[in-house]
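Read the figures in this text as sums done on the coordinates, not as results from a lab. Please read these numbers as outputs of a predicted model, since none were measured by experiment. Every residue, glycine among them, receives a Cβ derived from its backbone with ideal geometry; neighbour counts consider all protein chains shown.
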Amino acid sequence: MSDDNNKKTFSVIPGLNMGLFAPKDLEQILKIINKYDVPAAKITSSQRLSVLGMDKGGMDELQKELEAHIRETPENGVTYVQACPGPKWCKFGIRDSLSLGRQLEKISMGKPFKAKVKVGVAGCRMCCTEPYIRDLGIFASKKGWTLVFGGNGGNNARIGDIVETGLNDEEVLALAQKCLKVYQEEANPHSRSARFMERFGIEAFKKQVLGK
Ligand code: SF4
């Protein structure tokens, strides 16, 4: 959960990571939100739910009430994971993006990253969750997972570098953790992965994470 104070309104973002929730949970969340006369709610581009326009007092109470419905995110983990529905619900899906997303959400690095780390996981090459412009992007093909690092969709946009292709579930998770570790250790303070990769270079990065 996070909050922002823009001097006029507050927002609360329940931890509906990957945009996934059981309908009964959504019903409960809406019931709670309705009690507080919230002027607007929004599904964010990060697949989370933002409750807008609350005053500080109301926000504190709402946060407390929502706690039971919010998934805890680990300390020193990634900022958020976007994952597509994958093969269970999408006819194009090849590999289980939701399951991989859940495992990536649980990663805890022992100390904080230098800046936000956004993750996109896609179950096929259509890349609906835009993995090429996430700090860590992963998408599936018939040959296995492809891992991309150092993308950014912001003002200074960057297409991430392909680190490795043809990975199975265990391999991609292990490589993701290695990439995050190198970024955590080597990036300058406040540097997003895109700027880090521009400075560090994909060849040096591959040497560190793949040993080649
Ligand atoms: S990335 Fe592929 S599997 Fe995932 S939602 Fe898009 S089309 Fe479906």
- Amide H neighbours of Ala83 at under 5 Å, excluding residues fewer than 5 places away on the same chain, with H built from the backbone geometry, are Met18, Val121
- Message: Treating only the Cβ of Lys, Arg, Asp and Glu as charged (+1, +1, -1, -1), what charge dipole size does the chain show about its Cα centre? Round to the nearest 20 debye.
- Response: 580
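Going by C-beta contacts inside 10 Å, put Ile133, Ile162 in order with the fewest on the left. Please report the intermediate quantities before stating the final value.
Numbers: Ile133 21, Ile162 14.
The fewest-first ordering by Cβ neighbours comes to Ile162, Ile133.
Longest exposed-loop-site-free stretch of the chain, with GluC sites (Glu not before Pro), DSSP loop and at most 12 other Cβ within 10 Å?
On the way: sites that count: Glu72, Glu75.
The reported range is 76-212.
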- Query: Can you give the relative contact order of the stretch 135-212 as a percent, counting alpha carbon pairs under 8 Å and 6+ residues apart?
  - Reply: 28
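Step through the table entries Lys178/Lys212; Lys118/Lys142; Lys178/Lys207; Lys24/Lys116; Lys24/Lys56; Lys64/Lys114, compare each Cα-Cα distance with 20 Å, and write down the pairs that go over it. Before the final figure, lay out each step's value.
Numbers: Lys178/Lys212 14 Å; Lys118/Lys142 25 Å; Lys178/Lys207 11 Å; Lys24/Lys116 31 Å; Lys24/Lys56 28 Å; Lys64/Lys114 29 Å.
Over 20 Å Cα-Cα: Lys118/Lys142; Lys24/Lys116; Lys24/Lys56; Lys64/Lys114.
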- Residue-span extension gain [Glu27 to Ala68] - 0.36 nm each, minus C-alpha spacing: 13.4 nm
- Task: Counting other beta carbons within 10 Å of each Cβ, put Ser141, Ser45 in order, fewest first.
- Result: Ser45, Ser141
- Task: Give the angle, between 0 and 90 degrees and rounded to the nearest 10, that separates the Cα long axis of helix 169-186 from the longest principal axis of the Cα atoms of the chain.
- Result: 90
- Query: Tilt of helix 56-66 relative to the longest C-alpha principal axis of the chain, in degrees (0 to 90, nearest 10)?
  - Reply: 70
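Based only on other Cβ atoms within 10 Å, what is the fewest-to-most ordering of Arg134, Arg158? Let's see the in-between values first.
Working: Arg134 28, Arg158 18.
So the residues, fewest neighbours to most, are Arg158, Arg134.
Calculate the all-directions average of the projected area of the stretch 80-210's alpha-carbon convex hull, and give it in nm².
Values: hull surface 28.7 nm².
Projected area, direction-averaged: 7.2 nm².
Would you calculate, for the chain, the mean residue ellipticity at 222 nm contributed by helices, counting each DSSP H stretch of 4 or more residues as -39,500 (n - 2.57) and dividing by all residues, to the nearest 500? Present the calculation step by step, with values, prior to reporting the outcome.
Details: 6 runs with 68 residues, N = 212.
About -10000 deg cm²/dmol.
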- Task: Using only the alpha carbons of the stretch 50-153, determine the length spanned along each of the three principal axes and report them from longest to shortest in whole angstroms.
- Result: 52, 33, 24
- Query: Distance in nm between label sites at Gln208 and Glu186, each 7 Å beyond Cα in the beta-carbon direction?
  - Reply: 0.3
- Task: Would you mind checking which residues have amide H under 5 Å from Met54's amide H? H placed 1.01 Å from N; only 5 or more apart, or other chain.
- Result: Phe10
- Going 7 Å from the Cα of Arg199 toward and past its Cβ, which residues in the stretch 162-186 have a backbone nitrogen under 17 Å from where you end up? 180-186
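Where Lys and Arg each count +1 and Asp and Glu each count -1, what net charge lies around Arg195 among other residues with Cβ under 15 Å from its Cβ? Let's see the in-between values first.
Details: positive: Lys114, Lys116, Lys118, Arg134, Arg158, Arg192, Arg199; negative: Asp135, Asp161, Glu186, Glu198.
Combined, the nearby Lys, Arg, Asp and Glu give +3.
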